[in-house]
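Remarks on the structure that follows.
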Amino acid sequence: MKLNKTYEAKNFEADIYQLWEKSEAFRPSGQGQPYSIVMPPPNANGSLHVGHALFVAVEDILTRYHRMNGRDTAWIPGADHAGFETWVVFERALEAEGKSRFDYSRDELYEMTWNFVADSRGGMEKQLRALGASCDWKSLVFTLDPKVVEIVYATFKKMWDDGLIYRGERIVNYCTHHHTSFADIEVVFREEQGHLWEIKYLVDGDSLVEYITVATTRPETMLGDEAIAVHPDDEKYKNLVGRSVILPIVGKKIPIIADDAVELGFGTGAVKITPAHDPLDFQIGQRHGLPITKVIDEDGRMTNVPEEFMGLEAGEACQKVVERLRQEGSLGKVEKFTHQVPHCYKCGSVIQPLVKDQWFVAVEKLASNAKKALQQGKIRFVPAHKGDELIRYFDELRDWNISRQIPWGIPIPAFQNVDNPDDWIFNADVDKEYIEVDGRRYRRDDDTFDTWFSSGQWPFIVTDYLADGELKRFYPNAVMETGMDILRPWVARMIMLGLYVTGEVPFREVYLHGIVNDEHNQKMSKSKGNVIDPIDTVAEYGSDALRLGLVSARSAAQAQAFSPDKVIAGRNFCNKLWNMARFVEGQVANETNKQTGAVTFGDPLFAQKLTFVADSDKSGSFETDKGRKVSKSDHSSLTVYDHWVLSKLQHLTNELDKLIKDYRFAEAAETLYHTVWDEVADWYIEAAKQGSGVLEFVLETVLKLAHPFAPFVTETIWTTLHDDDSLLIGQQWNREFDFNPKLARDFEKIKQLVTAVRNTAENLDGGEQTLIYHDSKLVADHENLIKNLANLENLFPMENPSGLRIAGHIQAWLAADKAKIAAYKAKISAKIDEADNLAENLEKRLSSASYVKNAPKHLVKETRTQLAETEKLIKSLTEELEGLE
RNA sequence: GAAUCGCUAGCUCAGUUGGCCAGAGCGCCUCGUUUACACCGAGGAGGUCGGGGGUUCGAGCCCCUCGCGAUUCACCA
């Protein structure tokens with residue numbers, strides 16, 4: 001045998017992937033019921049982290065499983081231009097060259113970024129291949145592909161026509177470093193130490209000197225104050241409402257207004273209102289028709305303020321304003337204050353709330369339709385509570401700002417009349433900066449779409465659903481598998497936009513995986529230096545091992561640690577499969593050798609195999625199809641362990657069906673692992689050393705069942721053992737196994753006997769063991785098998801046996817001398833105690849009238865049986881003990 | 001401040017509508033050179049399921065409460 005003793009993943013994986021890809025096995029078959037998954041597109045020029053490896057594992061298991069069970073399967077990959085993410089990287093590179101975005105036009109920047117991305121593209125796809133992703137590369141879509149833009153524009157137009165798009169001045173979250181606005185969801189709040197400053201505003205009019213005191217964390221914004229607000233029911237200020245105060249420093253008169261948004265009894269009860277720089281103030285300003293004075297510009301500098309403050313950064317202005325207030329005597333108490341401050345999630349700059357003219361999506365109708373669909377159960381969520389979370393989210397969702405001030409993205413197809421700022425028209429001719437329509441001149445909007453606006457349409461875009469394309473049958477998708485961290489920004493938007501554009505939910509089910517933390521359950525981050533690169537793990541342990549390791553220590557939507565031990569267990573499992581195959585190979589070689597004298601497998605190295613397969617050379621003499629179908633007429637030639645292993649494979653198949661349907665990947669992987677290892681390898685293969693009629697069939701079945709979980713090693717074995725050009729990826733699972741349950745049970749009895757013998761033998765000093773039995777046809781019929789499995793020196797029947805009685809129904813004794821027997825007594829006593837305890841428990845349960853009355857009948861019956869068996873066991877153990885004395 | 005999730009063996013985690021003396025991987029202990037595999041085989045130790053209370057014939061699972069951790073949301077001047 002020339003194959004290595006251990007499976008070295010790195011020697012095979014790349015070649016195997018190439019085989020798959022060349023064979024077009026990833027393409028939809030066109031046969032059977034459609035099953036589709038749309039891949040959450042990874043960043044086109046980024047590299048994958050271990051979280052990606054988890055999604056690949058999960059989506060690939062689903063895809064391969066359904067492919068091998070007769071479904072017409074499409075896993076559609078994508079690449080994301082990742083608007084802001086990529087822009088940040090690009091701009092950093094630009095700055096490193098001493099250049100700035102302001103040195104170029106928008107079109108130039110777009111082209112430069114395009115080239116930048118093109119240069120560093122492809123790494124992500126390579127990594128997906130290394131992870132074994134069986135996705136249909138031919139249907140890959142890049143988020144800036146013309147067809148994407150086309151559909152996004154059509155949707156924008158439709159929404160425009162339906163009145164769901166509006167342009168308006170609103171407070172937006174603005175990063176003065178990146179010069180773009182953000183959605184609410186993109187802002188991170190961090191706790192900061194600051195001050196709470198009290199400012200006194202002189203009430204205008206009366207000769208009486210009267211002040212209203214307000215508190216603020218940002219005194220510099222007072223320069224843009226337009227009102228003082230109090231609660232309408234606040235007795236303290238009731239008579240002041242409608243009057244004015246003098247704005248310190250600036251000297252202008254601003255009104256005192258009443259508004260419910262002011263919390264009664266909080267602080268001084270009065271609030272300064274700066275409509276241009278605070279979301280709540282903006283709302284209050286809208287309600288009261290207050291003017292909007294912007295005092296901070298998009299660079300974060302002061303504007304529209306008295307000369308001495310002009311151009312100062314907000315922070316500096318704060319100091320200076322406080323200083324001036326103090327001089328004027330308008331400054332009240334100053335206290336230390338801890339509060340949450342919004343930051344840019346990328347650069348950490350403080351987010352400035354600014355009033356900007358932007359495009360908004362009116363979400364109310366979209367959100368209520370989405371909510372209705374969820375309430376009607378049109379989408380199944382795993383875990384289910386995430387669906388409830390989305391329902392709540394749809395309730396509180398606010399209008400969605402889709403304008404971004406970065407060049408890297410899909411340009412917004414809207415043009416503004418140069419002579420009339422309120423005249424906006426839709427036009428997709430975004431290559432031109434100016435267009436003329438009906439004799440009027442229009443200028444293109446400089447902004448691009450929020451990437452979630454386009455990716456929110458992903459499921460129907462990539463399936464060409466609207467264009468009646470080839471993949472149309474794959475919409476709605478069978479399942480959306482993605483991270484729980486993008487439930488709101490992505491999943492929620494896909495549901496809203498999918499329903500709006502296609503009238504259908506975009507997917508039937510949503511499975512959310514959790515974050516992969518490091519092995520100490522700490523969140524991975526570059527700054528902590530604890531990031532695990534999946535490709536390193538693949539290089540060390542193999543892609544299958546990583547996949548098994550990731551999937552097995554994990555449940556849905558749960559942030560959990562990465563467990564290297566589970567990866568090692570996965571690696572060991574692959575090696576187990578490998579060695580089972582080596583054994584089968586050897587057995588079959590012997591057979592074939594006897595018949596033909598030829599052995600062809602095993603010795604070609606894998607590289608040769610590749611050529612072999614590519615040439616479709618069918619001259620090989622290895623016939624693995626033998627035993628594929630076990631017909632009833634074959635039963636006579638099958639052994640008890642053949643029947644037994646077939647029953648185990650049937651059970652495993654059924655279990656995997658059930659578990660995968662419920663997205664219980666950890667349990668599925670574990671069930672596979674233990675059936676293959678603890679049943680097939682430890683018992684069947686051992687027994688099969690006596691010969692078996694289904695050896696190859698069992699191996700093939702195991703390979704098929706394991707394939708979705710460990711695709712590389714199973715395919716490597718398959719192609720190595722097959723001289724035709726068949727690939728495992730394209731095989732169908734065996735669904736019905738023909739076995740005799742009674743014979744299967746016979747082996748189960750033998751297995752129990754063997755276990756009990758080993759158990760007892762363990763308590764002896766070792767050495768050669770002799771088993772004596774009485775009146776058992778089963779043992780008599782399988783003497784050799786039992787001898788080998790239990791590692792016995794002798795096995796024979798006897799009329800009046802003696803020695804150590806083996807626990808169980810079969811009457812058998814291990815031969816032992818007096819010394820050994822004495823050592824064994826203690827163990828028997830312990831066992832009796834244990835059984836006594838159990839019996840006592842069971843009796844207690846049965847003596848409770850309410851248990852017998854209320855518990856399901858089968859349970860009561862089971863308890864009775866168990867009690868009877870336990871009592872029998874106690875009796876036989878006691879007899880055994882007495883027999884020893 | 002609110003919501004959600006979690007707290008099970010030394011470590012990382014399973015445990016589906018409450019029902020076999022609570023499971024896995026790795027680690028640990030004992031033994032083993034049976035020619036598929038030491039990335040192995042056989043046997044074994046180890047848990048009052050975060051604390052307390054309740055419902056039930058029966059609770060790791062349901063309810064209440066407290067503690068600890070994570071995540072998300074909202075931000076009050």
Worksheet, complete the sentence: Taking protein heavy atoms only, a 1.4 Å probe, and rounding to whole percent, the accessible area of the stretch A:653-776 owed to carbon and sulfur comes out at 43
Worksheet item: Taking the Cα centre of chain A as the origin, how large is its charge dipole in debye, to the nearest 20, when only Lys and Arg (+1) and Asp and Glu (-1) carry charge on their Cβ atoms?
Response: 1880
Discussion item. If the reach is capped at under 15 angstrom between alpha carbons, list the aspartates and glutamates near A:Lys818, excluding any in the same chain fewer than eight residues apart.
Written reply: A:Asp765, A:Glu880, A:Glu882, A:Glu885
Worksheet item: Given only helices, namely DSSP H runs of n ≥ 4 each adding -39500 (n - 2.57), what is the per-residue ellipticity at 222 nm of chain A, to the nearest 500 deg cm²/dmol?
Response: -13000 deg cm²/dmol
Worksheet, complete the sentence: Checked the stretch A:632-698 against the a/c 1.5 cut and the a/b vs b/c comparison, axes a ≥ b ≥ c from its Cα gyration tensor; verdict oblate
Discussion item. Checking the cross-link filter: which lysines have an alpha carbon closer than 24 Å to that of A:Lys861, excluding same-chain neighbours under 8 positions apart?
Written reply: A:Lys742, A:Lys749, A:Lys844, A:Lys853, A:Lys872, A:Lys875
Worksheet item: Which whole-Hz couplings ³J(HN,Hα) result when phi for each residue of the stretch A:246-262 is put into the Karplus expression 6.51 cos²θ - 1.76 cosθ + 1.60, θ = phi - 60°, listed in order with x for Gly and Pro?
Response: 9, 6, x, 6, 6, x, 8, 8, 10, x, 9, 10, 10, 8, 4, 5, 7
Fill in: Given charges at Cβ of Lys, Arg, Asp, Glu: chain A dipole, positive-most of A:Thr143, A:Val430, A:Asn791
A:Asn791
Practice prompt. Would you mind working out the accessible area per residue for the stretch A:637-705, using a 1.4 Å probe, and quoting it in Å²?
Written response: 31
Worksheet item: Relative to the longest principal axis of chain A, what angle (0 to 90°, nearest 10) does the C-alpha long axis of helix A:543-552 take?
Response: 80
Worksheet item: Heavy-atom accessible area per residue, the stretch A:330-427, 1.4 Å probe: how many Å²?
Response: 45
Response to the item:
To the nearest 20 debye, the stretch A:1-157 has a Cα-centred charge dipole, built from +1 on Lys and Arg Cβ and -1 on Asp and Glu Cβ, of 680
Worksheet item: In straight Cα distance, which aspartates and glutamates are under 17 Å from A:Lys200, not counting same-chain residues fewer than 8 positions off?
Response: A:Glu210, A:Glu220, A:Asp225, A:Glu226, A:Glu323, A:Glu328, A:Glu335
Discussion item. Net charge within 14 Å of A:Val852 by Cβ-Cβ distance, Lys/Arg positive one each and Asp/Glu negative one each, not counting A:Val852 itself?
Written reply: +4
Worksheet item: With every protein chain left in place, what is the accessible area per residue of the stretch A:2-130 in square angstrom, probe 1.4 Å?
Response: 42
Worksheet item: Carbon-plus-sulfur fraction of the accessible area of the stretch A:461-574, 1.4 Å probe, in percent?
Response: 46
Response to the item:
Expressed as a percent, the accessible surface of the stretch A:71-134 that is carbon or sulfur, using a 1.4 Å probe and the full set of protein chains, is 52
Worksheet, complete the sentence: Going through A:Lys22/A:Lys126; A:Lys528/A:Lys566; A:Lys157/A:Lys378 one by one, the pairs whose alpha carbons sit over 19 Å apart turn out to be A:Lys528/A:Lys566; A:Lys157/A:Lys378
Worksheet, complete the sentence: Ordering A:42-51, A:513-522 by per-residue average of other C-beta atoms within 10 angstrom, highest first, gives A:42-51, A:513-522
Practice prompt. Would you work out the charge dipole size for the stretch A:348-480 about its Cα centre, treating the Cβ of every Lys and Arg as +1 and the Cβ of every Asp and Glu as -1, and quote it to the nearest 20 debye?
Written response: 740
Discussion item. Less than 12 Å Cβ to Cβ from A:Arg444, Lys/Arg counted +1 and Asp/Glu -1: what total charge do the surrounding residues give?
Written reply: -3
Worksheet item: For the stretch A:752-758, what does the Karplus curve 6.51 cos²θ - 1.76 cosθ + 1.60, with θ = phi - 60°, yield as ³J(HN,Hα) per residue in whole Hz, taken in order and with x for Gly and Pro?
Response: 5, 4, 4, 4, 5, 5, 4
Worksheet item: Which pairs, out of A:Lys346/A:Lys523; A:Lys294/A:Lys432; A:Lys236/A:Lys294, put more than 24 Å between their alpha-carbon atoms?
Response: A:Lys294/A:Lys432; A:Lys236/A:Lys294
Worksheet item: Can you give the Rg to Rh ratio for the stretch A:207-298, taking only C-alpha atoms and Rh from Kirkwood?
Response: 0.94
Worksheet item: A:Glu313 versus A:Val860, label points 7 Å from Cα toward the beta carbon: distance in nm?
Response: 8.0
Worksheet item: What is the sum of charges around A:Glu667, taking Lys and Arg as +1, Asp and Glu as -1, for the other residues whose C-beta is under 13 Å from the C-beta of A:Glu667?
Response: 0
Practice prompt. Search the structure for amide H atoms under 5 Å from the amide H of A:Ala258, placed 1.01 Å from N in the peptide plane, and list their residues when 5 or more places away or on another chain.
Written response: A:Val230
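The values are calculated or read from the model by the stated rules, or taken from the named source; none is laboratory data. Everything numeric here is computed off the predicted structure, so don't read it as measured data. In this analysis, Cβ positions are derived from the backbone assuming ideal geometry, glycine residues included, and neighbour counts consider all displayed protein chains. Please note that ligands, DNA and RNA were not included when accessible areas were found on the heavy atoms of the full protein model with its side chains. Shrake-Rupley method; radii C 1.70, N 1.55, O 1.52, S 1.80 Å.
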